[in-house]
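The values are calculated or read from the model by the stated rules, or taken from the named source; none is laboratory data. Note that the structure is predicted; figures quoted are calculated from it, not measured. Every residue, glycine among them, receives a Cβ derived from its backbone with ideal geometry; neighbour counts consider all protein chains shown. When the accessible area is computed, the model is the full protein with side chains, heavy atoms only, and any ligands, DNA or RNA have been set aside. Shrake-Rupley method; radii C 1.70, N 1.55, O 1.52, S 1.80 Å.
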Amino acid sequence: MDMLIAVIVACEVGFWVLLAAGLLLRYALRVPRAGAIVLAAVPAVDVVLLVATVLDLRGGGTASAAHGLAAGYIAFSVVFGHRTIRAIDQRVAHRWAGGPVPVRAPRSGAGAVREAWRSWRRAVTAWVVAVGLLALAIAAIAAPERTGALQEWIVWLTIELGAWLVAGPVSAALVGRRFA
């Protein structure tokens, strides 16, 4: 397995381990301050992946799909990570600590359409972050023969963003129901 793929997998596992540890400390062990510190450390996973990716590219090799995947992973984590952590924290607080019932996004009607557009705008932000990282890597390498995979990832991410637009807000507006 490509070393960078192993780092991506380790970072994904690390994200969930830190999230679970933070929630365990916060709710099961009743050490909320320690839980908050662990949860605040979750973004360190992104830093680890970014450093590993930069070091791998600085080694002089040709950029691969793994480097594009790393950029996409970092972008998704930066844009959606906090929201994911907050949503899971609210559900755990409700289930095991007597917290309020989490508010769910509307699944139909105008509220669902608004939520689909909000989600897509977050996806646009993630696309900007990912494409920015990829463009930065392409410029830093400055060798088109070594960056083809990164350019392909820009195309792939753009296609995904278009698909999200159609499957998300456009279909919600046409059907009046959110599918996510």
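Number of residues in region 105-152 that are hydroxyl-bearing (Ser, Thr, Tyr) and in a helix (DSSP H, G or I): the value is 2.
The criterion of being in a helix (DSSP H, G or I), among the aromatic types (Phe, Trp, Tyr) and in contact with a Leu (Cβ under 8 Å, 6 or more places away or on another chain) holds for residue 73.
Within region 153-180, the only residue that satisfies the criterion of being touching a strand residue (DSSP E or B) at 6+ places or on another chain (Cβ under 7 Å) and either outside any loop (DSSP other than H, G, I, E, B) or modelled with pLDDT of 95 or more (or both) is 177.
The single residue among 19, 29 that is open to solvent by 70 Å² or more (accessible area, probe 1.4 Å) and not small (Gly, Ala, Ser) turns out to be 29. At pLDDT 95 or above and surrounded by fewer than 19 Cβ atoms within 10 Å (Cβ to Cβ): which single residue out of 130, 135 fits that description? So the residue among 130, 135 that is at pLDDT 95 or above and surrounded by fewer than 19 Cβ atoms within 10 Å (Cβ to Cβ) is 135.
Looking only at region 123-166, filter to residues that are farther than 22 Å from residue 84 by Cβ and β-branched (Val, Ile, Thr); which one of those is farthest from the chain's Cα centre (by Cα)? My answer is 141. When we screen 60, 14 for residues that are over 28 Å from residue 86 (Cβ atoms) and surrounded by fewer than 20 Cβ atoms within 10 Å (Cβ to Cβ), the only hit is 60. List the pairs whose first member sits in region 140-168 and is under 29 Å from residue 58 (Cβ atoms) and buried (at least 16 other Cβ atoms within 10 Å of the Cβ), whose second member is acidic (Asp, Glu) and modelled with pLDDT of 95 or more, and whose Cβ atoms are under 7 Å apart, counting only residues at least 6 apart or on separate chains? Note: no pairs meet the criteria. For region 22-39, check the following and say yes or no: at least one residue is under 25 Å from residue 88 (Cα atoms) and under 16 Å from the mean Cα position of the chain (by Cα). Yes, the conditions are met somewhere in region 22-39. All conditions but one from (1) within 19 Å of residue 14 (Cβ to Cβ); (2) of a type outside the set (Phe, Trp, Tyr); (3) modelled with pLDDT of 95 or more; (4) surrounded by fewer than 17 Cβ atoms within 10 Å (Cβ to Cβ) apply to residue 75; the one that does not is (4).
Here residue 82 fulfils each of the conditions (1) in contact with a Lys or Arg (Cβ under 7 Å, 6 or more places away or on another chain); (2) open to solvent by 80 Å² or more (accessible area, probe 1.4 Å) apart from (1).
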